[in-house]
Amino acid sequence: MLLSFGIIFLSLFMRIPTTEGTRYGYLSACDLISPSKTWHKNTGYELISWVESIIPHPLAKSDDAILAGFVSSDYYVNVNEVYSPKGISWKRYGSKRFDGWLYGVTDSHRKFVPGRTYFIFPDYKTAYVGTFKDDDVMLEGRAVKITHFRCNSGVMELKFTKPKKDCTVYKSIYRTNTYYSATPHERDPMEKRNIYIGSSVNVPAIANQDAIFARRDIPAHSIVSYYSGVWETYDLPFFTPNMTEMEKQDKHKNLLSFNDTHSIDSNNHFINDNVIFCLVKHPVYGEIRCLESKKPIERGEEILINYGYNVHENDSPQWYKDMYFSLFPHEQNQTMSLIENYQ
């Protein structure tokens, strides 16, 4: 693979003072490739390799416009922005690993051009193209794919498909207890390529209920799906005693119509779980949870998670306790003894 050697940079972690907002010269896998106008087919892994290969490097006088910004700690150095003389720019959308990137051509003030700014999903194959306010709020975006890449003046340049005619227009939203999404029937484009909905085959008690399965082979430590929605609290429940039956049915209908993200359909398993919870910033849903693979997941394999509730807490879901104690009955006896002694 053209950029497989970029992985050698992964061992080049180095400690520098925290440098967020300060730009340095940089070295990446692109610097080891002879200049070429040839486009290469993208699988996503080449772009991941390039991003991980970027490290600080002494800035030459002739490279005043070739700059990158980094953040660091005792354990890592991460690049958070890259600018090239050709006007191509990469900028992290957030501070977490799966937050993705903004990509595109910038003007003389290094501002992304409206309507031509891309959000790169963390699979490095899926993207939105549109307009972002203050490099944050997506005013409008349409789903596209990243098809090809090439190195151009030390930075990775990308080629995209065009948005489909009459495609969905996505935008950033502010979720409330009654408003979940501007496009509740449209699935997230990256998640749609990662998973599909089926019936559980690993949890007999819920064999006829929804489950999610891998649509492709997913490497370990990769994002699998998003977990968007709103919190239901004791102070603000979805259903209240004073609601009419019609109001309850309408509220239930709104909840069931939400089809954007499907991490909620991942079933609990105490032994064969293959994902863990993670946090992510999404251009539509904002700060939400996600599912990260804890080991390689094969195509067609069910996505399973251990929700990790404390079975000894009174407010833990009863279904979780029943499932747990059916597997570990001796712990239920210990719990009952503790309660009796406490009383």
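Couple of notes before you dig in:
- Unsatisfied cross-links (Cα-Cα over 18 Å) in the set Lys111/Lys162; Lys91/Lys111; Lys41/Lys162; Lys164/Lys192; Lys165/Lys281; Lys111/Lys133: Lys111/Lys162; Lys165/Lys281
- Take the Cβ atoms of Lys86 and Phe277, set R0 to 30 Å, and the FRET efficiency comes out at 0.15.
- Spacing of the two label points (7 Å from each Cα toward its C-beta) at Ala220 and Lys159, in nm: 3.5
- Inter-label distance for Met246 and Val113, nm, one decimal - labels placed 7 Å from Cα along Cα-to-Cβ: 5.3
- Point-charge dipole on Cβ atoms (K/R +1, D/E -1) for the range 74-154, about Cα centre, debye to 20: 300
Taken together, the values in this text are just the output of simple stated rules run on the coordinates, not laboratory data. Nothing here was measured: the structure is a model prediction, and the numbers come from that model. Positions of Cβ are backbone-derived with ideal geometry, glycine not excepted, and every protein chain shown enters the neighbour counts.
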